[in-house]
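The values are calculated or read from the model by the stated rules, or taken from the named source; none is laboratory data. Just so you know, these numbers come straight off a predicted model, no measurement behind them. Ideal geometry is used to build each Cβ from the backbone, glycine not excepted, and the neighbour counts take in all protein chains shown. The area values use the complete protein model at the heavy-atom level, side chains included, leaving out ligands, DNA and RNA. Shrake-Rupley method; radii C 1.70, N 1.55, O 1.52, S 1.80 Å.
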Amino acid sequence: MTQQIPLFIDGAFVQSESTTLIPVTNPATQEVIAQVPCATDAEMESAIASAKEAFEDWKEVAVSERARLMLRYQALLKEHHDEIATILAEETGKTFEDAKGDVWRGIEVVEHACNIPSLVMGETVENVARKIDSYSYTQPLGVCAGITPFNFPAMIPLWMFPLAIACGNTFVLKPSEQDPKTPTRLAELLVEAGVPKGVLQVVHGAKEQVDKLLTHPDIQAISFVGSVPVGEHIYRTGTDNMKRVQAFAGAKNHMVVMPDAQKNQLINNIVGASVGAGGQRCMAISVAVFVGETREWIPEVRDALAKVRPGKWDDPEAGYGPLISPQAKQRVLNYIQAGKDQGAECILDGTECVVEGCPDGNWVGPTMFRGVNTDMTIYTDEIFGPVLIAIEVDTLEQAIELINECPYGNGTSIFTASGAAARKFQHEIKVGQVGINVPIPVPLPFFSFTGWRKSFYGDQHAYGKQAVKFYTETKTVTARWFEDDIHSGPNMSINLK
Ligand code: NAD
């Protein structure tokens, strides 16, 4: 019988009572590798209640002890790095190298969480008025919840619960129902690291379970990563229910190619950034903006893309794996067809892609369009597949205007040898994460993941100092200690005396 993914409630891995099960499939073969239960209402209530109870103790645990939990967790994640990457590769189809990257970028966030004592330090000012001092503390919020997407089943859960827990909160994680085995392993290792009972809960399911978290009065904050329509729903519902919400959503990321860019480096970078992971990255480059004479490089970019071959996760020659599901594949095929129907020129067509030995996999080969205008759905929508769109402009100013008019603002990059062009681009572009000769500028965890506009709803972003702000409240104390018994009468003004 296929393995049923357990829930992790009140410190125990338990089989759900639910009769609603979602199959988890190997996307290269369609073999069902597990069943994920949609947690019952009683199970959701019990996870939230356990997290609420655990908070009362956990918030009193010394910050250095919370840091030590993260140190032990970091060591265990490193020790089990390849094992987690194997689970991840099997359920997502990512190549082993890419799966290792997914795990590693999560470990880096845990490393950052080990610095929690200095990250939660408050501020002090002596003598804000005569003999009066002010100081601030950061205190945890309570029970926080995280809802994560399929495309980074290690990194994105690790963006969330380690820092939230290190700040003194307890956490309910609802991972993607498409690849729940990796987050389950992450939870097991946190238990091995010594997390107290109830501090982390993992529940499974889909919309119904998410809506329970969004509306439950005992949840204080919601972190979400996923698509735009769901992100909008999460932000609206969560804030309507008076919760703090950060919602990271979809993207359309442009790379600007300047005539002084080093051509071979540019081509190598554009290939990896566009079709790597099958284009299923929120920071994937989906639009290449060729400036001036660089439009003549388009055929060479196409030829380089044509050499990339998808394959199974353990095929060392594979450039990327299958798409996550047959539905995801069909969605990408529909966009490619719409591009053709709307008059774009498909100069590389991956729709008939076949991978030997895996006839049932969700394969789409590298695909490239040119002659695209900004009204076409292949430009307006996030495709989330191995599809690169080439747009041709005459000047850097036109490239900047194009990107700033696109509603998404997750990531962008420029390839150039000119400091002046790079400086103008980084200053004028309305996108939250900018790469200069770096195609996928995902910040390291001591910064924050700072998507803008339609790619992010909220104000404090993931990891870094902003996440610490997101997961804590600031308390400011104003204190006076009387040295004598002199009474000067009541102070009837707002000023400190
Ligand atoms: P998704 O929005 O379909 O699902 C994300 C999560 O929301 C899952 O846990 C899912 O169970 C839940 N969910 C789905 N439909 C829901 C609904 N109607 N109501 C409540 N919850 C619901 O996203 P996905 O397909 O898993 O992930 C891919 C998307 O995530 C892409 O759009 C990608 O750009 C985005 N993404 C964004 C970032 C970022 O940082 N901006 C990072 C990674 C992925």
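Observations on the model:
- At least 1 residues being away from the ligand (no atom under 16 Å from the Cβ) and free of Cβ contacts under 8 Å to residues at least 60 places away in the same chain is the threshold, and among the strands (runs of 3 or more DSSP E) wholly inside the range 72-177 those reaching it are 124-129.
- Qualifying residue in the range 248-259 (condition: crowded, with 17+ Cβ neighbours inside 10 Å, more than 11 Å from the ligand (Cβ to nearest atom) and among the aromatic types (Phe, Trp, Tyr)): no
- Within the range 1-39, the set of residues being over 19 Å from residue 187 (Cβ atoms) and surrounded by 15 or more Cβ atoms within 10 Å (Cβ to Cβ) comprises 21, 25, 26, 27, 28, 29, 30.
- Search result, residues across the range 47-65 that are part of a helix (DSSP H, G or I), open to solvent by 70 Å² or more (accessible area, probe 1.4 Å) and out of contact with any strand residue (DSSP E or B) (no Cβ under 7 Å at 6 or more places or on another chain): 53, 56, 57, 65
- Scope the range 222-247; condition more than 16 Å from the chain's Cα centre (by Cα), surrounded by fewer than 24 Cβ atoms within 10 Å (Cβ to Cβ), more than 10 Å from the ligand (Cβ to nearest atom) and not hydrophobic (A, V, I, L, M, F, W, C); matching residues: 236, 239, 240, 241, 243, 244
For every residue, the table says whether it meets (1) away from the ligand (no atom under 14 Å from the Cβ); (2) assigned to a strand (DSSP E or B); (3) more than 30 Å from residue 138 (Cα to Cα).
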{"position": "379", "(1), (2), (3)": "yes, no, yes"}
{"position": "389", "(1), (2), (3)": "yes, yes, yes"}
{"position": "392", "(1), (2), (3)": "yes, yes, yes"}
{"position": "401", "(1), (2), (3)": "yes, no, yes"}
{"position": "417", "(1), (2), (3)": "yes, no, yes"}
{"position": "425", "(1), (2), (3)": "yes, no, yes"}
{"position": "465", "(1), (2), (3)": "yes, no, no"}
{"position": "468", "(1), (2), (3)": "yes, no, no"}
{"position": "476", "(1), (2), (3)": "yes, yes, no"}
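- Single unsatisfied condition, residue 44 versus (1) surrounded by fewer than 23 Cβ atoms within 10 Å (Cβ to Cβ); (2) in contact with a strand residue (DSSP E or B) (Cβ under 9 Å, 6 or more places away or on another chain); (3) in contact (Cβ under 8 Å) with a residue 40 or more places away in the chain: (1)
- Filter pass, residue 8 being assigned to a strand (DSSP E or B), under 22 Å from residue 193 (Cα atoms) and in contact (Cβ under 8 Å) with a residue 12 or more places away in the chain: yes
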